[in-house]
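*Asks:* Got a structure here, written out as structure tokens. Questions coming.
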Amino acid sequence: MSAERIEIKPVDEVDRAAVEELYRQAGWWRESDRTPDGNRWIDALVRGSFCFVGAFAGGRLIGMGRAISDGASDAYIQDVTVLPAFRGRGLGAAIIRRLVEELRARRIGWIGLVAEPGTEPFYRRLGFAALAGHMPMLLETGEGRP
């Protein structure tokens with residue numbers, strides 16, 4: 001890999017195929033996620049995020065993270081991932097720091113996330129701690145993405 005400049009910034013639009021590849025490489029993509037409309041749900045995912053941060057190398061999306069929020073008090077960070085060829089360079093941490101910076105600038109005081117097992121040390125280094133007395137839960141609907 002060359003030492004090309006990497007830019008981390010909030011964006012309102014990204015290439016659908018690049019987001020799909022990030023999800024695929026993270027193991028979050030199911031082939032059933034592909035929709036007949038060309039995965040336009042990815043556009044809604046980006047637009048519907050309170051803040052979407054991309055990491056770009058030479059204009060190519062190589063990492064992402066997003067926050068969902070009510071815009072008044074709480075936010076959840078999710079979908080933080082970096083392409084395998086770019087991992088180990090601190091980009092995931094930089095994406096999270098940029099998300100937190102954007103959320104704090106918008107006066108969001110409560111910032112949470114659900115960490116995948118084994119990633120807790122990474123998030124602790126960034127200032128996150130377990131939410132004592134709470135358990136993340138998910139409604140199993142059996143439905144995929146729209």
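*Asks:* Once every DSSP H run of n ≥ 4 in the chain is given -39500 (n - 2.57) and the sum is divided by its residues, what mean residue ellipticity at 222 nm do you get, rounded to the nearest 500 deg cm²/dmol?
*Replies:* -8000 deg cm²/dmol
*Asks:* Considering only the other residues whose Cβ falls under 10 Å of the Cβ of A26, what net charge follows from Lys and Arg at +1 and Asp and Glu at -1?
*Replies:* -2
*Asks:* Compute and list, largest first, the equivalent-ellipsoid semi-axes of region 6-125 from the alpha carbon gyration tensor, each √(5λ) rounded to a whole angstrom.
*Replies:* Numbers: eigenvalues 92, 61, 42 Å².
After scaling each eigenvalue by five and taking roots: 21, 18, 14 Å.
*Asks:* Relative contact order of the chain, please, whole-number percent, based on alpha carbon pairs below 8 angstrom and at least 6 residues apart.
*Replies:* Across the chain, relative contact order equals 22 percent.
*Asks:* In addition: In angstroms, what radius of gyration and Dmax does region 81-146 have, counting Cα atoms only?
*Replies:* Final numbers for Rg and Dmax: 14.5, 37 Å.
Read-outs: derived from the displayed coordinates by stated rules, not from any lab. Since we're looking at a predicted model, the values are computed, not measured. Using ideal geometry, Cβ is built from the backbone for each residue, glycine included, and neighbour counts are taken over all protein chains shown.
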